[in-house]
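Shown next, in structure tokens, is the structure this report addresses.
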Amino acid sequence: QAPASQPAGQQAPVALPPPPADSPFAVENAPQGAEVFALELVAAMINAAKADGHIDQAERTTIEARLTEGGLDEEERRFLAQELAGPLDIERVVKAAKTKEEALELYTASFLAITTDHPAERGYLDMLAARLGLEPELAKSVERAVAASQA
């Protein structure tokens, strides 16, 4: 049963364990422009949520929770509104990945944003993985790790 604070059918945002300190995924190892990349992760989540033609309330809650973790300033509110209103743009997500690590982060953020309960969402993730240059088994491994962390 869902906790009293969560409407029925909605999942609370998942807290994944932090990456190892020596990993390229660790915050302290983030390159310059990490704040811009953080917004690209949110854009990736929004694009994934749009894959089935609409963003449902559970997807919107997940996206907003990720964006509001540190508080939302006015510029971030405008960014969120603009991204939510815009069309699906997989090309933007693909172009945001400058490294293999960034590609994995974008894919993971996309997977976290949705429940693959619609064929269009599954198709979007498969296409995104291919466009990001991720091997199918690597993408499935990411999905299994996220699913295990949610269990």
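The values are calculated or read from the model by the stated rules, or taken from the named source; none is laboratory data. Values in this document were obtained by computation on a predicted structure and should not be read as measured data. Side chains are part of the model used for accessible areas, which takes the heavy atoms of the whole protein and leaves out ligands, DNA and RNA. Shrake-Rupley method; radii C 1.70, N 1.55, O 1.52, S 1.80 Å.
A few remarks follow.
- Solvent-accessible surface of the stretch 34-151, averaged per residue with a 1.4 angstrom probe and all protein chains in place: 51 square angstrom.
- Global form of the stretch 29-151, assessed from the alpha-carbon gyration tensor, a/c cut-off 1.5: rounded
- J(HN,Hα) series, the stretch 55-64, from Karplus relation 6.51 cos²θ - 1.76 cosθ + 1.60, nearest Hz, glycine and proline x: 9, 7, 5, 5, 5, 4, 4, 4, 5, 5
- Centre separation in Å (Cα based) which lies between the stretch 39-111 and the stretch 127-151: 17
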